[in-house]
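Heads up: the structure comes next, in structure tokens.
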Amino acid sequence: MSNNAQKWFYLFILSLIWGSSFILIKKGLVGLTDYQLGSLRIVLTSLFLFSVGFKSLKQIGKRDWIWVAITGFLGTFFPAFLFAIAQNHIDSGVTSILNSTVPINTLIVGALLFGIGATRRQVWGVFIGLLGTVLLILAGIWMHQAEALEGAGSGQNPWYGGLIIIATIGYAFNVNIIKKHLSNVSALAITTGNFLCIVVPAFVILYATGFFDVILQDREMQIAFGYVAILSLFGTALAKVLFNKLVHIASPVFASSVTYTMPIVAVMWGVIDGERFGWLQIIAAAIILFGVYLSNKRAN
């Protein structure tokens, strides 16, 4: 299979896997706290990866480890908790749409800090995408206020969408660092190295939450554990390896454009699960995706 065919194949598979991750996080939060879910996700993924990728660590040179550690924390550790915290307050479909700003942030970080040039079309894409992001958050605020006035509050707090934006900035640093500093290291080695760097702090957090004291007695927590196990195996372990492989064979912005189709899958799951989307939110989502399209125009 040619590199061009491979990158589109990886993009399709990642869209399906990551598009389903948001509903798995939502289901996992029914029986777990946000800190339990974030740390458990990292610990379980580490166990999966170490079983298949530990030997690949020898590919990582001494000078590469600092970048592996940085990408581990920026691209996995902090986002795992930010997404879990945010999804206690906003719908999974909205989360996926906000997550689609990754290519825009990748372009901004690449241009400002990594010397990657941008065309005028891409700059316009950035502005349009950011405009859509602001509109999406405002739409959530207006809907939240309207529900409160009607006495039918949903418990949603759209301001927590800001945590998703912070996570996407971490992803943007991650993909640019991998492209610039770790292109000589295999995708499996990078991913395994990432989790080797973050598994200990994640385990400490998981232990501190009291997870091990109650998991054997709490049926709801056990069901949530199953959702997180699926999320860890497919949405984190397998997907991270595929994504790092995609970064190696494609441009950083193309790799990040997996967020084009992720919202389609995620919103579909959200609607099935009873989430509501107003017309203003749909318009905002379309504006964001159009901005992402323009910002990715040059990357093939």
Inset, instruction - Quick one: which residue in Val265, Val253 is in contact with a helix residue (DSSP H, G or I) (Cβ under 6 Å, 6 or more places away or on another chain), at pLDDT below 85 and within 30 Å of Trp142 (Cα to Cα)? - result: Val265
Legend entry - Some residue of segment 227-242 being in contact with an Asp or Glu (Cβ under 7 Å, 6 or more places away or on another chain) and of a type outside the set (Phe, Trp, Tyr): no
Legend entry - Residue satisfying condition, being without any contact (Cβ under 8 Å) to a residue 60 or more places away in the chain, in a helix (DSSP H, G or I) and charged (D, E, K, R), within set Arg41, Arg63: Arg63
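Among the residues of segment 161-212, write down those that are among the small types (Gly, Ala, Ser), surrounded by fewer than 20 Cβ atoms within 10 Å (Cβ to Cβ) and assigned to a helix (DSSP H, G or I).
Result: Gly162, Ala208.
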Inset, instruction - Would you please name the residue that is modelled with the highest pLDDT, looking only at residues in segment 140-160 that are surrounded by fewer than 17 Cβ atoms within 10 Å (Cβ to Cβ), assigned to a helix (DSSP H, G or I) and of a type in the set (A, V, I, L, M)? - result: Ile141
Legend entry - In segment 66-90, the residues that are among the β-branched types (Val, Ile, Thr) and either touching a residue at least 40 places away in the same chain (Cβ under 8 Å) or touching a Cys at 6+ places or on another chain (Cβ under 8 Å) (or both): Val68, Ile70, Thr71, Thr76, Ile85, Ile90
Legend entry - Failed criterion for Leu242 (all others in (1) out of contact with any Leu (no Cβ under 9 Å at 6 or more places or on another chain); (2) closer than 30 Å to Ala111 by Cβ hold): (1)
Inset, instruction - Check off (1) at pLDDT 90 or above; (2) more than 18 Å from Leu82 (Cβ to Cβ); (3) part of a helix (DSSP H, G or I) for Gly31 and give me the number that stays unchecked. - result: (3)
Legend entry - Residue selected from segment 213-236 under the condition buried (at least 24 other Cβ atoms within 10 Å of the Cβ) and among the aliphatic types (A, V, I, L, M), by the criterion modelled with the highest pLDDT: Val228
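The values are calculated or read from the model by the stated rules, or taken from the named source; none is laboratory data. Predicted, not measured: the structure shown is a model, and the values here were computed from it. We place every Cβ from the backbone using ideal geometry, glycine too, and count neighbours over all the protein chains shown.
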